1. Please count how many residues of region 1-20 are outside any helix (DSSP H, G or I) and open to solvent by 100 Å² or more (accessible area, probe 1.4 Å).
2. If the Cβ limit is 8 Å and pairs must be 6+ apart or interchain, which residue in region 21-37 that is over 30 Å from VAL10 (Cα atoms) and open to solvent by less than 100 Å² (accessible area, probe 1.4 Å) pairs with which residue that is part of a helix (DSSP H, G or I) and of a type in the set (A, V, I, L, M, F, W, C)?
3. Tell me whether region 43-52 contains one or more residues that are of a type in the set (Phe, Trp, Tyr), open to solvent by 100 Å² or more (accessible area, probe 1.4 Å) and either at pLDDT 80 or above or more than 25 Å from the chain's Cα centre (by Cα) (or both).
Amino acid sequence: ETLLNVIKSVTRNGRSIVLTAVLALILVYLFSIVGYIFFKDDFMLAVDRIPNKTLGMFKFRLPLIPLQA
């Protein structure tokens, strides 16, 4: 019975729950943008590039076909 009451209350107010979740996502997104603007230097990381050896096998050329006018 308690579970049935919980399911009824959630489904009855489903639209407001979804709108609250959308508002929360928008606020988190805006907060992250503002944080990135003010703390941009803290987001930058020094990365050493590792040469990718698997791309060597994909280096090929397609034959050029002249276009006829």
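The values are calculated or read from the model by the stated rules, or taken from the named source; none is laboratory data. Please read these numbers as outputs of a predicted model, since none were measured by experiment. No Cβ is skipped: glycine too gets one built from the backbone with ideal geometry, and neighbour counts run over all protein chains shown. Heads up: the accessible areas ignore ligands, DNA and RNA and are worked out on the full protein's heavy atoms, side chains in. Shrake-Rupley method; radii C 1.70, N 1.55, O 1.52, S 1.80 Å.
1. So the answer is 1.
2. Correct list of pairs: TYR36/PHE43.
3. No, because not a single residue in region 43-52 is of a type in the set (Phe, Trp, Tyr), open to solvent by 100 Å² or more (accessible area, probe 1.4 Å) and either at pLDDT 80 or above or more than 25 Å from the chain's Cα centre (by Cα) (or both).
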